[in-house]
Amino acid sequence: MSLQKKKTPMREQDPKERIKNYKEVPFGYTDQEALMEVERCLQCKHQPCVDGCPVKVPIPQFIQAIKDGDVVEANQIIKTKNSLPAVCGRVCPQEEQCEDLCVMGIKNEPVAIGRLERYVSDYNMERGSDKSSSKEIEKMKIPELKGRKVAVIGSGPAGLTAAADLAKYGLKVTIFEALHDTGGVLRYGIPEFRLPKTIVDKEVESIKELGVEIKLNVVVGKSLTVDEIFEQGYESVFIGVGAGLPRFLGIPGENLNGVYSANEFLTRVNLMKAFKYPEYKTPVIVGDKVAVVGAGNVAMDSARTAKRLGAEDVFIVYRRSRNQMPARSEEIHHSEEEGIELRLLNNPVAIHGKDGCIDKMECLKMELGEKDDSGRRRPIPIEKSNWVIDVDTVIIAIGQNPNPLLTKNTKDLDIESWGGIIVDDTQQTSREGVYAGGDVVTGAATVIKAMGAGKQAVESIKDYLLNKKDNK
Ligand code: FAD
Ligand code: SF4
Ligand code: SF4
């Protein structure tokens, strides 16, 4: 029997319908679709796909368990390495990670590893069998670490992963989170139609069941300092506070009414729960014509959210070309299906307004030159190519830097000029016992990279605690 060349497709909401709601777009695999897809896996002995996964999910093994009809076991296999599989199955940039190294991808489409991971997680969440096996967790406990206290600052993917792995070793873990709810960008950044918040709730619940305590509304650096955390008897600290400070373009008109940072825009929509409470249907006012500047996942999410809030014309304005767009290809595809227009090779130079409100954005056309430090061809302005686009809302999605609140108020912590915490390759900071990872170290990156960093930090914290001089 010849192998199916393409991934088994995932059914999804019709674009015309879905722009009127916040429900998740793809439906996920049925049992039968998952069984079709697992047939495509070659069970490679050297398992290159695993090398592409920053948390090292045992991919061929979980796929084999689905093949054997044991989806509960498949979940247990995934959970040995990944504390947020339902999230990763949905939002990981698989094409740059596990699926990029899949042998099937050399001549055909790679195995749909992310879709299968989502299938396994959803299957088990629906049946209440999604928790890690207590027998497996018991095996991981290290007697010398039992009950010793470690603090985690931030409850995004980096912090949640670190907390889960620390708790599995038997440590007493407390997460300090600035906001009134957990999840970081998973909750207030990525929209409901890509990552339902019930999924985030369930993943967080599983982590709490490992014994992790979560203290909300604690802004470390303001209401509590890292020094005070140590004074409270915590022996080590992991910092995973992300990069929540939006960057701006620095062009005239950016202060006009109707200009949002993507952060503010998406946070308002997510936290005001437009999807749960119809009376809050427009927690943010958007006009008929919306321009989103940038082409990453954040930009796509902003554009698609603007569409759902009732905008008629939504444009993505990006200074590079299509194959340089950093968003997941699925997000670009979904955006275009929803009628989002791409205005590529254009850079905004000014936003113009009337009576304090926007009415136009002025752009300069660009062309691609030589490669720059990022390995991508540099966009070069074409002189006198200015043109204007009629808009009433502009959303700026060109990246974020870390918020300096914590770093400014923590002594002996070395930071980069742009605010990122400096760590070595074990995630250790310049301060003894303090580790960091995720967007606060790398700048805005991905969920799975933040999780990988959290995992690496836990190994370092474990070694640090086991080798500490004052160990009894
Ligand atoms: P965060 O998720 O930012 O979490 C940091 C947490 O720390 C937050 O809860 C914050 O409230 C808390 N905190 C901050 N300061 C303090 C303090 N002083 N004291 C206590 N707590 C504090 N990545 C993907 O892989 N795929 C995607 O599809 C994708 N889409 C995205 C869409 C959007 C809209 C955005 C904004 C990002 C997206 N990303 C995506 C990127 C990804 O979400 C981030 O790389 C990832 O969340 C970083 O994880 P983190 O744990 O480092 O930080
Ligand atoms: Fe792939 Fe992400 Fe799952 Fe790892 S966690 S196997 S990178 S989808
Ligand atoms: Fe299966 Fe692809 Fe991994 Fe090979 S590389 S084991 S085909 S998922």
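The values are calculated or read from the model by the stated rules, or taken from the named source; none is laboratory data. In this text the structure is predicted, and so the values were computed from the model without any measurement. Counting neighbours? That spans all protein chains shown, and the Cβs are built from the backbone with ideal geometry, glycine included. Heavy atoms of the whole protein, side chains included, go into the accessibility calculation; ligands, DNA and RNA do not. Shrake-Rupley method; radii C 1.70, N 1.55, O 1.52, S 1.80 Å.
Output wanted: per-residue J couplings in Hz (rounded whole) for the range 449-459, from phi through Karplus 6.51 cos²θ - 1.76 cosθ + 1.60, θ = phi - 60°, x for Gly and Pro.
5, 5, 5, x, 5, x, 5, 4, 4, 5, 4
Send over a whole-number figure in Å² for the accessible area per residue of the range 1-51, probe 1.4 Å.
For the range 1-51, the per-residue accessible area is 65 Å².
Using the structure shown, list the pairs from Lys168/Lys455; Lys79/Lys168; Lys135/Lys202; Lys81/Lys141; Lys6/Lys107 with a Cα-Cα distance above 18 Å, or answer none.
Pairs exceeding 18 Å: Lys135/Lys202.
Apply the a/c threshold of 1.5 to the C-alpha gyration tensor of the range 103-256 and tell me whether it is rounded, prolate or oblate.
Oblate, since a/c reaches 1.5 and b/c is not below a/b.
Under 15 Å Cα to Cα from Lys354, which aspartates and glutamates show up? Leave out anything in the same chain fewer than 8 places away.
Of all the aspartates and glutamates, those that pass the test against Lys354 - Cα under 15 Å, at least 8 places apart if same chain - are Glu254, Glu362, Asp390, Asp392.
Determine the shape class of the chain: with a ≥ b ≥ c the square roots of the Cα gyration tensor eigenvalues, call it rounded for a/c under 1.5, and otherwise prolate if a/b is greater than b/c, oblate otherwise.
Here the chain falls in the oblate category.
Tell me which GluC sites (Glu not before Pro) from the range 194-233 have a DSSP coil assignment and no more than 15 other beta carbons within 10 Å of their own.
Here the sparse-neighbourhood loop sites are Glu209.
Near Lys408, which lysines are there with a Cα under 23 Å away, not counting those fewer than 8 places off in the same chain?
Once the sequence-local lysines are set aside, what remains near Lys408 is Lys215, Lys222.
To the nearest 20 Debye, how big is the dipole of the range 248-398 about its Cα centre, given +1 on the beta carbon of each Lys and Arg and -1 on that of each Asp and Glu?
Magnitude of the dipole: close to 300 debye.
Amide H to amide H under 5 Å from Ala350: which residues, 5+ apart in sequence or cross-chain, H placed 1.01 Å off N in plane?
Glu362
In whole percent, and with a 1.4 Å probe on the protein chains, what portion of the accessible area of the chain is carbon and sulfur?
Heavy-atom surface of the chain belonging to carbon and sulfur, 1.4 Å probe: 50 percent.
Would you mind calculating the relative contact order of the chain from Cα pairs under 8 angstrom and at least 6 residues apart, reporting the percent as a whole number?
Relative contact order of the chain: 15 percent.
Would you kindly derive the ³J(HN,Hα) couplings of the range 246-252 from the backbone phi angles with the Karplus curve 6.51 cos²θ - 1.76 cosθ + 1.60 (θ = phi - 60°), listing them in order in whole Hz, with x for Gly and Pro?
Each residue's phi maps through the Karplus curve to give x, 8, 10, 7, x, 10, x Hz.
For an R0 of 35 angstrom, estimate the FRET efficiency from the Cβ-Cβ distance between Leu405 and Glu205 and round to the nearest 0.05.
Using R0 = 35 Å, I get an efficiency of 0.80.
Give the relative contact order (percent, whole number) for the range 15-127; include only Cα pairs under 8 Å separated by 6+ residues.
Here the relative contact order equals 31 percent.
So if I place +1 on the C-beta of Lys and Arg and -1 on the C-beta of Asp and Glu, and nothing else carries charge, what would the dipole magnitude of the chain be about its Cα centre? I want it in debye, nearest 20.
Charge dipole of the chain: 400 debye, to the nearest 20.
Using helices alone, what [θ] at 222 nm do you get for the chain, with -39,500 (n - 2.57) per DSSP H run of 4 or more residues, divided over all residues and rounded to the nearest 500?
-9500 deg cm²/dmol
Amide H neighbours of Leu368 under 5 Å, counting only residues 5+ apart in sequence or on other chains, H built in-plane at 1.01 Å?
Under 5 Å from the amide H of Leu368: Ile380.
Which of the trypsin sites (Lys or Arg not before Pro) found in the range 314-394 are in a DSSP loop and have at most 10 neighbouring Cβ atoms, other than their own, within 10 Å?
Filter output for the range 314-394: Lys384.
Work out from phi, with θ = phi - 60° and the Karplus expression 6.51 cos²θ - 1.76 cosθ + 1.60, the ³J(HN,Hα) of each residue of the range 390-395, listed in order in whole Hz, and give x for Gly and Pro.
For the range 390-395, the Karplus curve yields 6, 9, 10, 9, 10, 10 Hz.
Students sometimes get this wrong: rank Ser155, Ser2 by accessible area, probe 1.4 Å, all chains present, largest first.
Solvent-accessible surface, decreasing: Ser2, Ser155.
Under 5 Å between amide H atoms, partner at least 5 residues away or on a different chain: which partners does Leu342 have, H built in plane at 1.01 Å?
Residues meeting the amide H criterion: Ile316.
Given axes a ≥ b ≥ c from the Cα gyration tensor, I'd like to know whether the range 15-127 is rounded (a/c under 1.5), prolate (a/b larger than b/c) or oblate.
prolate
Could you give the accessible area per residue of the range 302-442, probe 1.4 Å, as a whole number in Å²?
On a per-residue basis, the range 302-442 sits at 47 Å².
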